[in-house]
Amino acid sequence: MNKKTSLVDLSRTSIRELNQALHRLPAGSGSTRWRIREPRGAHAIACGLNSPVRVEIEGHAGYYCAGMNQRATVVIHGNTGVGVAENMMSGLVHVKGNASQSAGATGHGGLLIIDGDASARCGISMKGIDILVQGSVGHASAFMAQAGNLVVGGDAGEALGDSIYEARIFVRGKVKDLGSDCVEKEMRPEHREFLAKLFARAKVRFRPGDFRRYGSARQLYNFHVDHAAKY
């Protein structure tokens with residue numbers, strides 16, 4: 001069955017009007033597609049969605065695009081500003097270009113795919129989201145990451161995984177340096193299996209065997225006076 005497509009031109013329609021229309025969609029609106037034209041870097045496009053709708057943004061988006069997403073698929077055919085998919089709960093957000101700072105910040109679930117690079121603090125305080133960056137990530141990525149997976153196809157900047165909890169980081173390229181309590185860990189069969197499934201879902205051709213795994217050394221969970229300088 002063909003899906004109905006709704007077209008919205010943001011040069012004529014406000015962000016508030018667009019988001020209100022998307023929020024009013026009933027729970028079973030998965031048969032609807034929305035195409036957003038002329039985004040012009042506007043902020044908060046397609047935020048707070050809670051139905052299995054597909055939204056395609058035809059151009060660059062500003063801050064907090066697809067924030068708090070639940071169940072929806074949001075595809076950005078361009079670059080995004082700060083905080084794309086922030087506090088995401090479920091669904092899929094796919095950035096076809098590059099992402100600015102704090103991509104996927106505090107995300108609880110779902111999958112964020114970034115085809116290009118992500119800037120600083122990618123996956124900061126992530127709480128269960130899976131993030132796949134095909135390019136490189138900037139400094140302090142996965143800072144205080146609590147759960148979920150950050151997968152980086154390129155390089156990682158300084159202080160990767162600083163103060164990390166139980167999230168996992170996989171990097172294919174070079175790591176400039178690791179943050180406090182983040183260490184390289186063994187790549188076991190279950191980790192390679194996870195990556196293979198993720199790459200198949202995202203339709204990318206990375207090989208799991210090319211990645212290294214990083215995680216918490218679990219030395220900062222409790223205060224020790226001998227480690228006071230690290231806090």
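What follows draws every value from the coordinates through simple rules; no lab data is involved. Just so you know, these numbers come straight off a predicted model, no measurement behind them. A quick note on method: Cβ atoms are made from the backbone with ideal geometry, for glycine too, and the neighbour counts reach across all protein chains shown.
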Next item on the list: For region 82-98, take each phi angle, set θ = phi - 60°, evaluate the Karplus expression 6.51 cos²θ - 1.76 cosθ + 1.60, and give the result in whole Hz per residue in order, putting x for glycine and proline.
Entry: 4, x, 4, 6, 4, 6, 5, 9, 6, x, 9, 10, 10, 9, 7, x, 9
Check: Comparing 187, 144, 89, which has the greatest mean-square fluctuation in the GNM of the chain with Cα pairs linked when under 10 Å apart?
Finding: 187
Check: Where is the GNM fluctuation largest for the chain (alpha-carbon springs, 10 angstrom cutoff): 60, 94, 23?
Finding: 23
Item checked: Computed over region 4-220, the ratio Rg/Rh where both radii use C-alpha atoms and Rh is Kirkwood -> 1.00
Margin query: What aspartates and glutamates does residue 176 reach when the alpha-carbon gap must be under 18 Å and sequence neighbours fewer than 8 apart in one chain are set aside?
Written below: 117, 155, 158, 162, 184, 210
Checklist line | In nm, spacing of pseudo-spin labels at residue 43 and residue 70 (7 Å Cα→C-beta vector) | finding: 2.4 nm
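State whether region 88-217 is rounded, prolate or oblate according to the following rule on the C-alpha gyration tensor (a ≥ b ≥ c being the square roots of its eigenvalues): a/c under 1.5 gives rounded; otherwise a/b larger than b/c gives prolate, and the remaining case gives oblate. Write out the running numbers ahead of the final one.
Values: a/c = 1.26, a/b = 1.08, b/c = 1.17.
Rounded shape, in that the Cα axes give a/c under 1.5.
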Notebook entry, point to check: Arranged by the count of other C-beta atoms within 10 angstrom, fewest first, what order do 49, 195, 7, 178 take?
Noted result: 7, 178, 195, 49
Next item on the list: Enumerate the aspartates and glutamates that residue 4 could reach by cross-link, defined here as Cα to Cα under 18 Å, with residues fewer than 8 away along the same chain left out.
Entry: 56, 58
Check: Of 35, 54, 24, which has the largest mean-square fluctuation in a 10 Å C-alpha GNM of the chain?
Finding: 24
Next item on the list: May I ask you to sort 143, 211, 199 by Cβ crowding, counting other Cβ atoms within 10 Å and putting the fewest first?
Entry: 199, 211, 143
